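A.B. asks: Pasting a structure here, questions to come.
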Amino acid sequence: MVVIAMTLFLRTKMHKNSTDDGSIYTGALFFTVFMIMFNGMAELAMAIAKLPVFYKQRDLLFYPTWAYALPSWVLKIPITFVEVGVWVFITYYVIGFDPNVERLFRQYLLLLPAKNWISYPI
């Protein structure tokens, strides 16, 4: 998907002079957020598959809810940092966003919660 994004929005310098340039810029940002958010959809099937075990343990008072959900959430955090980092660091300059490196890191930090929002349903 990174290669598709880079070829779809290939600009080494993003112009900011007209509404057409703004629509390209907005389209690239929307595609980025869309892909980051919905890369976590594959993890939803695994979370749903674990629900019967979760409900059985909850109903029989084996473990509290947080003891079941917290380890899987903590283990997904490093994967989230890597997935968002790969996407942002590969596509940022190829798409032609601002060459300031501070903005690159701002986009990285803003996309981290977008990935976490859809990935952690429990």
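A.B. asks: When you scan segment 59-79, do you find a residue that is closer than 21 Å to Ile4 by Cα and modelled with pLDDT of 85 or more, even just one?
C.D. replies: Checking segment 59-79: not a single residue is closer than 21 Å to Ile4 by Cα and modelled with pLDDT of 85 or more.
A.B. asks: Also, I was wondering about something else. Of all residues in segment 16-47, how many are farther than 21 Å from Phe81 by Cβ and exposed (fewer than 12 other Cβ atoms within 10 Å of the Cβ)?
C.D. replies: 9
A.B. asks: Give all pairs with beta carbons closer than 7 Å in which a residue from segment 81-96 that is over 13 Å from Ala5 (Cα atoms) meets a residue that is β-branched (Val, Ile, Thr); count only pairs at least 6 apart in sequence or on separate chains.
C.D. replies: Listed pairs, sorted by first residue: Val84/Ile36.
A.B. asks: Given the conditions (1) aliphatic (A, V, I, L, M); (2) touching a residue at least 40 places away in the same chain (Cβ under 8 Å); (3) in contact with a Phe, Trp or Tyr (Cβ under 9 Å, 6 or more places away or on another chain); (4) outside any loop (DSSP other than H, G, I, E, B), report the number of the one that Ile24 does not fulfil.
C.D. replies: Condition not satisfied by Ile24: (2).
A.B. asks: Among the residues in segment 57-65, are any surrounded by 13 or more Cβ atoms within 10 Å (Cβ to Cβ) and of a type in the set (A, V, I, L, M)?
C.D. replies: No: zero hits.
A.B. asks: Give the residues of segment 2-21 that are within 30 Å of Trp73 (Cα to Cα) and either free of Cβ contacts under 8 Å to residues at least 40 places away in the same chain or in contact with a Cys (Cβ under 7 Å, 6 or more places away or on another chain) (or both), sorted by residue number.
C.D. replies: Of everything in segment 2-21, those that are within 30 Å of Trp73 (Cα to Cα) and either free of Cβ contacts under 8 Å to residues at least 40 places away in the same chain or in contact with a Cys (Cβ under 7 Å, 6 or more places away or on another chain) (or both) turn out to be Val3, Ile4.
A.B. asks: Specify which of the listed residues (Leu109, Leu60, Leu75) is among the aliphatic types (A, V, I, L, M), without any contact (Cβ under 8 Å) to a residue 12 or more places away in the chain and closer than 30 Å to Phe9 by Cα.
C.D. replies: Leu109
A.B. asks: Go through segment 91-117 residue by residue and tally those that are farther than 18 Å from Phe38 by Cα and assigned to a helix (DSSP H, G or I).
C.D. replies: Looking only at that region, the number is 10.
A.B. asks: Step by step: first the residues of segment 20-79, then only those that are farther than 19 Å from Leu112 by Cβ and charged (D, E, K, R), then the one that is farthest from the chain's Cα centre (by Cα). Which residue is that?
C.D. replies: Once the filter is applied, the top-ranked residue is Asp59.
The values are calculated or read from the model by the stated rules, or taken from the named source; none is laboratory data. In this text the structure is predicted, and so the values were computed from the model without any measurement. Every residue, glycine among them, receives a Cβ derived from its backbone with ideal geometry; neighbour counts consider all protein chains shown.
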